[in-house]
Structures are given as structure tokens and as C-alpha cells.
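Single-structure report; data block below.
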Amino acid sequence: MSTLGATSAAGFRPQLAAVAILGSAMVTFGVFLSGFVIAEPAPYEVFMATLIGLWFLFGLKISRAVAPLLALLMLFMTGGILSLTVMSDLATAPMYMAVSGFLALTAVFFAAIIDARHERLKLIFDAWVAAGVLTSLLGILGYFGAIPGAQNFTLYDRAKGAFQDPNVFGPFLVAPSTYLMYRLLTERITTAPIRAVAILIMALGLFLSFSRAAWALYLFCACALVLIMLLKERTGAFRLKILVLTLGGALLMIAALVIALQIPQVADLFSNRTQLVQDYDGGHLGRFDRHKIGFLMSMEKPLGIGPMVFSTIFPEDEHNIWLKCLTSYGWLGFVSYVTLIIWTVTMGFRFLLLDRPWQPYLMIAWLVLIGHAAIGNVIDIDHWRHVYLLLGVIWGCGALEHRHRRRVTLTQHHTSAPTRR
């Protein structure tokens, strides 16, 4: 019987391997689709909803290390559902919450599949790069009217690629750009030209989005990456390589910017967008005015006021993720979201410089998530698909680290245990 069982198990291994490869390929394609959200529901939603459903049917496991992510997102969603109870007219609010719930589920899904197989991290980031380069090309060509239907890839004379909003398109490109910068700094110089071209394409797409938040995010992540690499790598030769490549890259970016600014339409919009405070920021009931009034109002609304209600009271939406949590998810949602961000950032920091196969991906996702939390002060990010992917990557890497430490502890325990005679 034991021989028969072993033979049967061996016979199933090729099928299991094939299923694992197919699953990883589908995840890769799903991440690629995240770069094309020109209309909702986007192909990403349809594909990922099907994929997550199938994966759960075939036994997707949520480990104890990923469970806190699931619990906090469930509390966040509970706050959102409670906020619906105070609305007199629900309109499209239930659909808004359904999208929030779906995106929260994607974060848990990505964390779980990374926890199961860390090799998926490279597939995820490579797919993100492919999506970033392609959607950037659409944005660039659309901006200059070089393709039919160019207006579909621009908004208000700003590139938006295959997104609905330039302010989402720009930040989406930061993680894949940072990933390529890391590989440029750490891998063979022979592969540098291809990666440099991809970085420049995404940098130009991001620049033409004319999103001030995206510009700041890109600059922060690039500088922080170089700083962490200098701290992590102790050899003088490697540090010299980092400094030389960084300086060369910075000069190349400046040269590209100077060339782009020779185009009048680019120069005019750039001059306008580089003003730190626009009229819609500092004017009466502008962005900052709304923030102050909104926070004071939320102190009297423990359940919030419901999603998309804020813009019916004031000229525009909240444009602040913390205020958005208070108005659309109530006090419970706000506390859950703040706890989630603090927990995620703290966990990532603890594991940031450890020598692990998944360390580069953790470092990149951690840096980009911190940047997104910062720009969340001036923009709503609760429905940005790639933010939930970043959460999933960090929590997945955290789960990998917990399992690694548990394995080491068990090995040490067995090694140190006295031999019985």
C-alpha cells in the first residue's frame, strides 16, 4: 500500500507543477491588466475576480501571518458598510463599496500567493514593468497626437495612458521604474541599455501626466532607493558603481527634461503645474479649505457621511485619503486604515535590509507605499489598484519572513536537542 501511495503521489507531481505554473502565469497576466483601466469595470476587475474565485475554490490558504491584513481590511470595509446606513439616497454608493471590497480582497490574495511561492514576486514586477512601458507609450503617443484616437489617452492636455485619470497613471509608473532602477544598479552592465530605455519611456510618460504628486513620488523613491542601497552595500566598488550610475541617470533625465521643455505646449503646462499652490488648492473652498472643514465635520459623524457625498456638499471630492476614510468609512474605517498603514510600514522596516531572496521586492514596495501614504494627503488613493498590490507584496514578504524564522528556530531546536540512546 505504501509503495502504491508513493507511486500515486509521484504521478500527481507533474500535474501539480503544471497547475502551479498556470496559476503563476494567470497572476502575471492579471498584474499586466492593472495598467489598462480606461473604463470600468475594467478587464482587470473581471479577470481578477474570476482568478481569485478559482484560487479559493482550489484551496487558497491564508496563513496566520497574512490574517491581520485580512482582519484590518474587513474592519475597514465594515466601517464603509456602516456609512451607507446614514445615506438618504444610496445611488451608486453600494457599487463604490463593492469595488472597495474587491480591491481589499486582491491585497489578501496577492499576499497569500506570494507567501506560498516567493518566485511569483519577479513575475509580478516584470508584468508591472511591461504594463508600465506599454501604457506609457500610449500616453506619450496620445499626448503628441501620433496615433489614431489620441484623445482617449489624454485628459485636460495631460497624458493619462490607458487610465481614466493622469493622477493615477503617473503614480502607477513609480514602482516599475524603481524596480528597473534597482536592477540597473545591481545587475550586469550589459543589460543596462534596455532597462535604461524602459526607465526613460516611463519617466517621460510620468512627466507628461503633469501630476505633481507623481513627480514628487518618483523623486522620493529614486533618492530613497539610492540611499538604502548605499547603506546596504558596504563594498567601495559597489558604492562607486551606484554613485556613477545615479549621476549618469540624473544627467540623462535632466537632458531629456530640457529637450521636452523646448516644445511650447509642454513648457506652458509645466510652468503652470510647477506652482506649488494652485487656485483650486488655496482659494475659497479649495483643497486645503475643504480639508479643514471636512475634518471638523467628521468629528461629529462617527459613521461618516457615505461615499461620494462629500462632493455634493463641497465643490470637489476630499482629495485626502485620511479625510476620505473618515467621510466614506467612518471612524472605524479611519482607525483600521491608519493601523494598517502603520503596521505595514513598521513590518517592512523591520525586514528591510535582511539578506533574503524577496528583500529587493519588499524594499521597493515599502518605499513606494510610504510615498503613496504621503501623497495621500492631497489625493484619494482608496480605489487605486496598485496600492493594494503594494500592500499584498509587503504582507506576502512579511509572511515569508515569519515562515523562514520559524523554520530556522525549529532547525536550531532539533540540532540542539540531546540525542537519546
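Numbers for the structure displayed
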| quantity | calculated |
| --- | --- |
| Helices (runs of 4 or more DSSP H) (entirely within segment 180-266) containing at least 3 residues that are open to solvent by 60 Å² or more (accessible area, probe 1.4 Å) and more than 19 Å from Ala130 (Cα to Cα) | 212-232, 236-260 |
| Matching residues in segment 36-55 - criterion: being of a type in the set (A, V, I, L, M), under 18 Å from Val19 (Cβ atoms) and either part of a loop (DSSP other than H, G, I, E, B) or open to solvent by 30 Å² or more (accessible area, probe 1.4 Å) (or both) | Leu54 |
| Every residue from segment 347-362 that is of a type in the set (A, V, I, L, M) and crowded, with 23+ Cβ neighbours inside 10 Å | Leu362 |
| Conditions (1) open to solvent by less than 10 Å² (accessible area, probe 1.4 Å); (2) out of contact with any Phe, Trp or Tyr (no Cβ under 8 Å at 6 or more places or on another chain); (3) farther than 25 Å from Thr92 by Cα; (4) of a type in the set (Val, Ile, Thr): number failed by Thr344 | (2) |
| Tally of residues being under 26 Å from the mean Cα position of the chain (by Cα) and either modelled with pLDDT of 70 or more or of a type in the set (Lys, Arg) (or both) across segment 271-303 | 4 |
| Residues being closer than 19 Å to Met97 by Cα and open to solvent by 30 Å² or more (accessible area, probe 1.4 Å) - total across segment 287-337 | 14 |
| In segment 114-123, the residues that are of a type outside the set (D, E, K, R) and either open to solvent by 30 Å² or more (accessible area, probe 1.4 Å) or within 10 Å of Pro176 (Cα to Cα) (or both) | Ala116, His118, Leu123 |
| Search result, residues across segment 327-378 that are more than 18 Å from the chain's Cα centre (by Cα), under 26 Å from Ala214 (Cβ atoms) and either modelled with pLDDT under 95 or of a type in the set (Ser, Thr, Tyr) (or both) | Thr327, Ser328, Tyr329 |
| Thr178 vs. criteria over 20 Å from the mean Cα position of the chain (by Cα) and of a type in the set (Val, Ile, Thr) | no |
| Scan of segment 157-167 for residues that are open to solvent by 30 Å² or more (accessible area, probe 1.4 Å) and either part of a helix (DSSP H, G or I) or out of contact with any Leu (no Cβ under 9 Å at 6 or more places or on another chain) (or both), ordered by number | Asn167 |
| The listed residue being part of a helix (DSSP H, G or I) and not acidic (Asp, Glu), out of Arg406, Arg356 | Arg406 |
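One line per residue, one yes/no per condition, for (1) open to solvent by 20 Å² or more (accessible area, probe 1.4 Å); (2) farther than 16 Å from Tyr388 by Cβ; (3) in a loop (DSSP other than H, G, I, E, B):
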site: Met77; (1), (2), (3): yes, no, no
site: Gly80; (1), (2), (3): no, no, no
site: Ser88; (1), (2), (3): yes, yes, yes
site: Gly101; (1), (2), (3): yes, no, no
site: Leu105; (1), (2), (3): yes, no, no
site: Ala112; (1), (2), (3): no, no, no
site: Ala127; (1), (2), (3): no, no, no
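The values are calculated or read from the model by the stated rules, or taken from the named source; none is laboratory data. Keep in mind the model is a prediction, meaning the values are calculated, not measured. Note: ideal-geometry Cβ built from the backbone for every residue, glycine included; neighbour counts use all protein chains shown. Surface accessibility is based on the protein's heavy atoms, side chains included, excluding ligands, DNA and RNA. Shrake-Rupley method; radii C 1.70, N 1.55, O 1.52, S 1.80 Å.
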